[in-house]
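Asker: One structure is given below, represented as structure tokens, and several questions about it will come after.
The values are calculated or read from the model by the stated rules, or taken from the named source; none is laboratory data. Everything quoted here is computed from the prediction, not taken from an experiment. Reconstructed Cβ throughout: ideal geometry from the backbone, glycine too, with neighbour counts over all protein chains shown. Remember, those area values only see protein heavy atoms, side chains included, never the ligands or the DNA or RNA. Shrake-Rupley method; radii C 1.70, N 1.55, O 1.52, S 1.80 Å.
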Amino acid sequence: MFFTYLRRELRRRRKAALVVASGLALGIALVIVVSSVSTGMTRAQGKVLQSLYGLGTDMTVTKAAAPPGGSQEGRPRFRFDAKGSGDGTSQSGDRVMVQGFQTLASSTVDQVGRQSGVADAVGGLNLTVLKVDGEFTRGEFKQYRGQRRAQGGGGGPQGEVQGGGASFDVNSFTVYGTDVAKQRLGPLSSSKITAGRTFRGDEGAAKVAVLDSAYAKEKKLATGGDITVSGAKYTVIGLATADSGEAAANVYLPLAQAQALAGAKGKITTVYVKAADSQRIATVKSAIQKNVSGTTVTTSADLADTVSGSLSTAADLASSVGKWLSIAVLAAAFLVAGLLTSSAVSRRVREFGTLKALGWKSGRVTRQVVGEALVNGLMGGILGIGLGLAGAYTVTAISPTLTAKLGGGGGGFGGGGGGFGRRTTAKAVDIALTAPVSLTTIGLAVALAVAGGLVAGAFGGWRASRLGPADALRRVA
């Protein structure tokens, strides 16, 4: 009886049902589009951050920043020995520096790995190599003559040095010391080997190197050749291309070799951490900060805040303006659905009064109204899901290209605090926006459709429950 009456009433009031369902559908479709675009933004930021963080890395641990006015040890200094007696003698020197001048003991990796919620941890050493090449030119002493010599007197200068000077070129490149036994975490994991091979697990002490492909092309280096770093030669075994953005380093060396170059045996600059559960990243961060003193923990969410450009702007719009717009439209749709249902009940006074006179209880009338409103809500949900999927597909098909800028402002590598030689020029990365729709989003749409029907039914059911048989008798008279 319930479903027969429900079907008949919905068919008889098709226009009103369509208005209610359409209003709910628009709100639900907007929620689906905004949610899918936000998911696409998150994935796009993840692609951008791969070049800084490494695949599978959830957070990095670095040494806490030194207080202002601290030691200046580690500042670059160059000393050249006098070579040759003629002009134009070439001079050169290399200086290997730890980026940020802040290091941690290698044992920190084990400390971090023992924390609850940590699935894996690996250490790395970030270096900058400054190479200075140039020459000194000897000046020529010119003796004063004539009147100027006379004015100088017996005790004054007899001449001056003219010409001479120095001309030097300063070049820098970055080096990352990687733990060859754990290459699944860290910066090298965010690059793809496009020539040669990566490190083997038994090459911890070998003089081998993997180069960033862009750097290798610039310097005209190839696999099988050699690269010299601070006087030491390393065989190039592979070329790596960053999946997106800028490569984390120009040269990748085994960790032990990088430590030897910098005179930092048993030291690292960064610990890359993978959490056992992505939902517990904040908890893991708190545990590390509490139990591993003197460190700073940076999560991928923290680093995402440093991404600028149109990607960041669009993400802010989607998360703030889009969210509140969706809430406003949904609230309006629910309110309109409730008012229309309540208004429909007021026009059905004679009908409900007659049903009560025939023996229908108030609860049965209320359930009938709520059932009709719930069906309207589900119809709106189905229509809204269709519109939302179409909107998300349109966004993906059009694929607007957004830009993200990395490295501006001198942020530290992987949260490492920057340092001398850190490349501070922002690099723009183009990202094609997609709007993936997940099952969670579909479930949210269904829940909103049911909620909209219940809200509308609550309005109408309350009105229906207050009607009595006497109302119908007055309308008949």
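Asker: Suppose we keep only residues that are surrounded by fewer than 17 Cβ atoms within 10 Å (Cβ to Cβ) and not charged (D, E, K, R) within segment 197-213. Which one would you say is farthest from T57 (Cα to Cα)?
Answerer: A205
Asker: Considering each residue of segment 101-114, count those that are buried (at least 18 other Cβ atoms within 10 Å of the Cβ) and either out of contact with any helix residue (DSSP H, G or I) (no Cβ under 8 Å at 6 or more places or on another chain) or assigned to a loop (DSSP other than H, G, I, E, B) (or both), and give that number.
Answerer: So the count comes out to 7.
Asker: Would you point out the residue of segment 80-100, among those that are assigned to a strand (DSSP E or B) and at pLDDT 70 or above, that is farthest from the chain's Cα centre (by Cα)?
Answerer: Looking at the filtered set, the residue picked out is D94.
Asker: If a residue has to be over 17 Å from V129 (Cα atoms) and open to solvent by 30 Å² or more (accessible area, probe 1.4 Å) to count, how many in segment 214-238 make the cut?
Answerer: Within segment 214-238, residues that are over 17 Å from V129 (Cα atoms) and open to solvent by 30 Å² or more (accessible area, probe 1.4 Å) number 8.
Asker: Taking helices (runs of 4 or more DSSP H) that fall entirely within segment 240-332, which contain at least 1 residues that are at pLDDT below 90 and more than 30 Å from A216 (Cβ to Cβ)?
Answerer: Once the helices (runs of 4 or more DSSP H) in segment 240-332 are filtered for at least 1 residues that are at pLDDT below 90 and more than 30 Å from A216 (Cβ to Cβ), what remains is 281-291, 300-304, 310-316.
Asker: Can you give me the number of residues within segment 268-293 that are out of contact with any Gly (no Cβ under 9 Å at 6 or more places or on another chain), of a type outside the set (A, V, I, L, M, F, W, C) and touching a residue at least 24 places away in the same chain (Cβ under 8 Å)?
Answerer: Counting residues in segment 268-293 that are out of contact with any Gly (no Cβ under 9 Å at 6 or more places or on another chain), of a type outside the set (A, V, I, L, M, F, W, C) and touching a residue at least 24 places away in the same chain (Cβ under 8 Å) gives 3.
Asker: A further question on this structure: When you go through (1) at pLDDT below 75; (2) part of a helix (DSSP H, G or I); (3) open to solvent by less than 50 Å² (accessible area, probe 1.4 Å) one by one for G377, which number turns out not to apply?
Answerer: Going through (1) at pLDDT below 75; (2) part of a helix (DSSP H, G or I); (3) open to solvent by less than 50 Å² (accessible area, probe 1.4 Å) one by one, G377 breaks only (1).
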